[in-house]
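In what follows, a structure is listed as structure tokens, so that the remarks can point back to it.
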Amino acid sequence: EKAQIGVTGLAVMGRNLARNFARHGHTVALHNRSYGRTKELVEEFGHEGKFIPSESAADFVASLERPRRVVIMVKAGGPTDAVIDEFAPLLEPGDMLIDAGNAHYLDTRRREAALKEKGLHFVGAGVSGGEEGALHGPSIMPGGPKESYDALGPLLEDIAAKVDGEPCCVHVGPDGAGHFVKMVHNGIEYADMQLIAEAYDLLRQVGGSSPAEIAGIFQGWNEGRLGSYLIEITAEVLKQVDASTGKPFVDIVLDQAEQKGTGRWTVQAALDLGVPVSGIAESVFARALSGGADVRKAAADAALPGPSPENKHAGDLQADVEQALFASKIVAYAQGFQQIQAASKEYGWAIDPGAMAKIWRAGCIIRAKFLDFIKQAYDKQPELATLLVDEYFLDAVSGAQDAWRRVVATAAQQGIPAPGFASALAYYDGLRAKRLPAALIQGQRDFFGAHTYHRIDKPGSFHTLWAAEGRPEVDA
Ligand code: NDP
């Protein structure tokens, strides 16, 4: 008997994906650069289903039914290219190479184009949900050629997370679309985490609540409109007590957040597309600030002055923070979805944003009740310019805005950094503004660089002959 699908790269993610396929009744071919991992998988989990282990790439390929489906789950970057180079010569036209790692979407575009010339289908598939998701049902975002989805989709849908029986897996779009959407998913995840962290910080510093009390608040919120995996696990983390010191776990952890890069990629791509994803950018920068130990030490040594601590919050802090968190979250998602739409247009991917919200409802890290409303918004209006003008979100934000402003004001007055809340509010006010000071910037650009400007009252480009005095000698 031949295998329906093969997995090469059997570290935590690949191993669990392979087990997930096997548990769903598929025969799974196994391969890993070093054979030890392959052997280990069969020894430990061989009883879970039908596996065909191979030591060589050639045997692995020979053990697969045609068209072959080879899932690559190795370290992103160079290792993925190495594996592709090893397998491509062994495959035949119509076979599929599925990169389920966290590849950069531009790498995926490059790889897809190169393999297409050999008649091979290359599918860049985003997989979210971590180790547990890979085993019990991840959210899967496959890109690549549509034809390949016909042969591959049913297998992926089998192992994906389900909501009311519907799989969290859909063909996202051609070439790099799947990895792009996975990247933005991770960017949104950064924003969600930062906003939750700011909410915790305000409840603790302004409200004086203990981590255990805040865990209770989050548990309460998890029952409401903020209900989500990240809120749920935040409550668990806050409840945790360090065994060796008896202190709250959050108080014994170094306050320097690390990152692997998908948040940064999201912001870099957004800069290139010209889409303001300030919520995601602030979260990436907040992690960078937290990790900037030298600069923080210099600031501490210089004792940078803060405000006098008398100011109290002018409202019900807990209720206000919930509103600020929800409104800021809406902004972050609105920006992320706008980025997906912009890329979809730029690359001709024809991504259905509602379908993305749908497949993020389970399996992935940002899974939340909230995504149902995003799906509904795009079902109603696929061309929605921003989620903020959808009825549900507009109502939510208008209901939240007074509280949101109070929270941002309190943070500023008390000197507590809340870049996520503050920048989300600034973005919202920027969208609302009837006139932006961008007009003045146009004047400045025309002054020093003769960059010209457009008028509100007549068409065409204009340049003003500015007074010579005060003009720089060289264009800035
Ligand atoms: P790692 O990223 O730690 O990669 C280890 C695997 O890559 C091993 O199988 C290793 O083989 C193989 N490998 C490394 N270099 C090479 C090479 N030059 N040639 C062939 N194989 C190589 O494994 P993870 O399981 O953590 O992640 C796999 C992929 O999934 C990554 O792209 C990651 O970004 C992505 N991902 C991870 C998630 C997670 O929660 N960990 C979540 C979602 C996606 P060997 O055993 O021989 O060393």
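The values are calculated or read from the model by the stated rules, or taken from the named source; none is laboratory data. What you are looking at is a predicted structure, and each value in this text was computed from that prediction instead of being measured. Counting neighbours? That spans all protein chains shown, and the Cβs are built from the backbone with ideal geometry, glycine included. Heads up: the accessible areas ignore ligands, DNA and RNA and are worked out on the full protein's heavy atoms, side chains in. Shrake-Rupley method; radii C 1.70, N 1.55, O 1.52, S 1.80 Å.
Some points to look at:
- Cross-chain or 6+ apart pairs with Cβ under 7 Å, region 1-30 first and without any contact (Cβ under 8 Å) to a residue 40 or more places away in the chain, then within 13 Å of the ligand (Cβ to nearest atom) and of a type in the set (Ser, Thr, Tyr): Leu30/Thr38
- For region 179-200, the count of residues that are under 21 Å from Arg264 (Cβ atoms), polar (S, T, N, Q) and more than 11 Å from the ligand (Cβ to nearest atom) is at least one.
- Within region 202-291, helices (runs of 4 or more DSSP H) holding 3 or more residues that are open to solvent by less than 30 Å² (accessible area, probe 1.4 Å): 211-222, 229-239, 262-273, 278-291
- Looking only at residues of region 386-401 that are of a type outside the set (S, T, N, Q) and without any contact (Cβ under 8 Å) to a residue 24 or more places away in the chain, we find that the one that is most open to solvent (accessible area, probe 1.4 Å) is Glu391.
- Verdict on Ala151 being open to solvent by less than 60 Å² (accessible area, probe 1.4 Å), over 18 Å from Arg66 (Cα atoms) and not β-branched (Val, Ile, Thr): no
- Residue within region 231-245 that is polar (S, T, N, Q), within 25 Å of Asn102 (Cβ to Cβ) and in contact (Cβ under 8 Å) with a residue 12 or more places away in the chain present: yes
- The C-beta contact set for region 85-101 (first residue more than 16 Å from Pro142 (Cα to Cα), second residue assigned to a helix (DSSP H, G or I), distance under 8 angstrom, 6+ apart or interchain) comprises Glu86/Ala57; Phe87/Ala57; Phe87/Val61; Ala88/Leu115; Leu90/Ala57; Leu90/Ala58; Leu90/Val61; Leu91/Val61.
- Within the set Asp372, Asp429, the sole residue that is open to solvent by 10 Å² or more (accessible area, probe 1.4 Å), under 25 Å from Gly224 (Cβ atoms) and assigned to a helix (DSSP H, G or I) turns out to be Asp372.
- Assessment of region 58-65 against the conditions (within 16 Å of the ligand (Cβ to nearest atom), out of contact with any His (no Cβ under 6 Å at 6 or more places or on another chain) and farther than 23 Å from Asp85 by Cβ) yields no matching residue.
- Test: residue in region 164-185 that is open to solvent by 40 Å² or more (accessible area, probe 1.4 Å), in a loop (DSSP other than H, G, I, E, B), touching a residue at least 60 places away in the same chain (Cβ under 8 Å) and closer than 23 Å to Ala355 by Cα: yes
- Filtered residues of region 405-425 (kept if touching a residue at least 24 places away in the same chain (Cβ under 8 Å) and open to solvent by 60 Å² or more (accessible area, probe 1.4 Å)): Arg406, Gln413, Pro417
- Within region 254-279, residues that are within 19 Å of Gly130 (Cα to Cα) have Cβ atoms under 6 Å from residues that are more than 16 Å from the ligand (Cβ to nearest atom) and open to solvent by 90 Å² or more (accessible area, probe 1.4 Å) in no pair, counting only partners at least 6 apart in sequence or on another chain.
- Residue count for region 71-90, restricted to those that are in contact with a strand residue (DSSP E or B) (Cβ under 8 Å, 6 or more places away or on another chain) and within 13 Å of the ligand (Cβ to nearest atom): 8.
- Across region 13-56, the qualifying residues are those that are among the charged types (D, E, K, R) and within 13 Å of the ligand (Cβ to nearest atom), and the one among them that is most open to solvent (accessible area, probe 1.4 Å) is Arg33.
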